[in-house]
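Here is the structure we will look at.
The values are calculated or read from the model by the stated rules, or taken from the named source; none is laboratory data. Quantities reported herein were computed from a predicted structural model and do not represent experimental measurements. So basically every Cβ, Gly included, is an ideal-geometry build from the backbone, and we count neighbours across all protein chains shown. The protein model used for the area step is the full one, side chains on, heavy atoms only, and it has no ligands, DNA or RNA in it. Shrake-Rupley method; radii C 1.70, N 1.55, O 1.52, S 1.80 Å.
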Amino acid sequence: MNKEFLYTEIASGIATQIRKGVLKPGDKLPSVRMLCQDHHISMNTAKRVFLELESQSLVDSKPQSGYFVSPLTVIDLPLAEISSPSLIANNKEPDELISKVYENIGNKNMTIFSIGIPSGDLLPQAKLKKEIINATRELKEGGTEYEELQGNLKLRRMIALRSMSWGGNFNENDLVTTNGGMNALSFCLMALGKPGDTIAIESPCYPGILQLANGLGLKVLELPTHPTTGIEIEALKKVIPKIDICLLIPNFNSPLGSCMPDDNKKEIVKLLSENGIPLIEDDVYGDLYFGSNRPKCCKSFDMEGNVLYCSSISKTLAPGYRVGWIAPGKYKDKILKLKLLHSTSSITVVNEAVANFLKTGRYEKHLQQLRKTLQNNCQSYIQTIAEYFPEGTKISRPQGGLSLWVEFDKHLKTTSLYDLAIKQNISIAPGRMFTLQDQFENCMRLCIGLPWTESTELSLRKIGELAKSII
């Protein structure tokens, strides 16, 4: 049997046992080695079995102990489909739709499922305010002067230290700070591309990336993407001769929440390096994992400096602070020149405050609570969708991050659903926002970063009722 299907067949068998109650919450599953022996499979295939089960929130991994059936409620909803975009570069930007959805940012009278950031209620606002005050007091001239071009040294050291958890092993000289994650991606695309070049991305993809690439005159080639494991590597291999740059969100991408297996990351890094194609890796969601361990990054397997690693605190700590960074590898000089030209310095006081917050260990404590909240939220969303959305609704299986992808019957247009929902002071993100092609018209992304309250639940129920009314 094809290995690509073997792991899903084994995972499906275990999943069925869990859903039927044969395997109970808390039960320990066979080890990776035992699974190899029982099914005559490789270690890599066995690991993919458990990755698939984790993606469905059916099992949890515990370091040094193995895999256990998750105590969380399991809802059996169909998995969203693998995307199948045209492998021809396209630029049908849904600019009007994106503008209409994003104009709801900051509207306190609306339940906003459409913007992929954590609610301020889930963030340590009081502690951050204290850090800003302390930074103003401690910095020379109150933080009114420029930082050095490469960025706050303390912040770079803290980021480098945290990178050890996923095999980044940076030092402070490997990093350049930026004004948020999109600023980091902008610098990378400007450093690597020119108008007319072709960039390969996931499909569906975060709208900001689509708009940025279009704005820089790049041709966008969308790749078929699995809702659990990310881009289809065979599809990438086919388009290698056509592309100049690749940009991916391997860990918990928006809007699917998929997480690329380590073997896939390693293979993609090798493939692109051998063909002289730089990879921009956006890892803004990497710290929001639902399992026991933070996933590795493509940068973990980069031996030649061909991966430009980008991240920020915009999805984890403070969206409005605009603190981001790049580990640009062999492209560092180009990135520094662009930073000098476009911004010169990051925001001195804010970067110092964030550096201190990381240094005290408060960031990690905050992340532990945020991850737990997001995972519980995800389960609550899925439970509500199962009960109140139209029959046949499909969903992604987020393994982390802030997004849940919902797929309706082909006849339902989520732009129409948006228009109905907005009249009820509810904002969703229609699927057409996440592509430059005519696809995902029956899909939407929901942000799971809202506090789970009675009001949130009622708004989600209302979306389901509205969807039923227009099928």
Subject >> Calculated FRET efficiency for the pair Gln64/Met303, C-beta based, R₀ 25 Å, to 0.05 >> reply: 0.30
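Where the only charges are on Cβ atoms (+1 Lys, Arg; -1 Asp, Glu), what is the dipole of the range 137-191 about its Cα centre, to the nearest 20 debye?
220
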**OP:** Would you work out which of Gly208, Phe170, His226 lies farthest towards the positive end of the dipole of the range 149-226, given +1 charges on the beta-carbon of Lys and Arg and -1 on that of Asp and Glu, about the Cα centre?
**Re:** Phe170
**OP:** Take every DSSP beta bridge with both residues inside the chain and express the antiparallel ones as a percent of the total, to the nearest 5.
**Re:** 60
Original post:
Hey, can you rank 405-415, 347-357 by average C-beta count inside 10 Å, highest first?
Top reply: 347-357, 405-415
**OP:** Search the structure for amide H atoms under 5 Å from the amide H of Leu308, placed 1.01 Å from N in the peptide plane, and list their residues when 5 or more places away or on another chain.
**Re:** Leu279, Ile280, Glu281
**OP:** Whenever you get a sec, compute what percent of the accessible area on the chain sits on carbon and sulfur atoms (1.4 Å probe).
**Re:** 50
Original post:
Taking the Cα centre of the chain as the origin, how large is its charge dipole in debye, to the nearest 20, when only Lys and Arg (+1) and Asp and Glu (-1) carry charge on their Cβ atoms?
Top reply: 900
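Can you show me the helix-derived [θ] at 222 nm for the chain, built from DSSP H runs with n ≥ 4 at -39,500 (n - 2.57) apiece and divided by the number of residues, rounded to the nearest 500.
-12500 deg cm²/dmol
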**OP:** Kindly rank 162-170, 373-381 from highest to lowest mean number of other beta carbons found within 10 Å of each residue.
**Re:** 373-381, 162-170
**OP:** With a 1.4 Å probe and every protein chain left in place, work out the accessible area per residue of the range 341-424 in Å², rounded to a whole number.
**Re:** 40
Original post:
What shape does the range 164-301 take by its C-alpha gyration tensor, where a ≥ b ≥ c are the square roots of the eigenvalues and a/c under 1.5 counts as rounded, a/b above b/c as prolate, and the rest as oblate?
Top reply: rounded
Subject >> Segment His342-Glu391, length gained on full extension (0.36 nm per residue, minus Cα span) >> reply: 12.6 nm
Subject >> Surface per residue (accessible, 1.4 Å probe) for the range 41-181, Å² >> reply: 52
Original post:
What per residue convex hull volume, in Å³, do the alpha-carbon atoms of the range 121-176 yield?
Top reply: 108
Subject >> Three-way shape call for the range 57-202 based on the alpha-carbon gyration tensor, with the a/c threshold at 1.5 >> reply: rounded
Original post:
Considering only Cα-Cα distances, which of the following residue pairs are longer than 32 Å: Lys237/Lys365; Lys129/Lys334; Lys28/Lys237; Lys24/Lys359; Lys372/Lys462; Lys28/Lys154?
Top reply: Lys237/Lys365; Lys129/Lys334; Lys28/Lys237; Lys24/Lys359; Lys28/Lys154
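Using 0.36 nm times the number of residues separating Asp438 and Tyr146, minus their current alpha carbon distance, what extension gain do you get?
Going from the current span to full extension adds 100.6 nm.
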Subject >> Long-range amide H partners of Lys219 with built H, under 5 Å >> reply: Gly196, Asp197, Thr198, Ile199
Original post:
What nm distance separates the two modelled labels at Asn173 and Ser12, each placed 7 Å from Cα along Cα→Cβ?
Top reply: 5.4
**OP:** Search the structure for amide H atoms under 5 Å from the amide H of Ile231, placed 1.01 Å from N in the peptide plane, and list their residues when 5 or more places away or on another chain.
**Re:** His226
Original post:
Residue farthest toward the positive end of the dipole of the range 101-209, with Cβ of Lys/Arg at +1 and Asp/Glu at -1: which of Pro195, Gln125, Met158?
Top reply: Gln125
**OP:** Give the peptides 358-366, 8-16, 250-258 in descending order of average Cβ contacts within 10 Å, highest first.
**Re:** 250-258, 8-16, 358-366
**OP:** Could you calculate the contour length gain from Glu274 to Ser165, that is, 0.36 nm times the residue separation minus the distance between their Cα atoms, to one decimal place in nm?
**Re:** 36.5 nm
**OP:** Would you work out if the chain is rounded, prolate or oblate? Take a ≥ b ≥ c from the square roots of the eigenvalues of the alpha-carbon gyration tensor; rounded if a/c is under 1.5, else prolate when a/b is larger than b/c, oblate otherwise.
**Re:** rounded
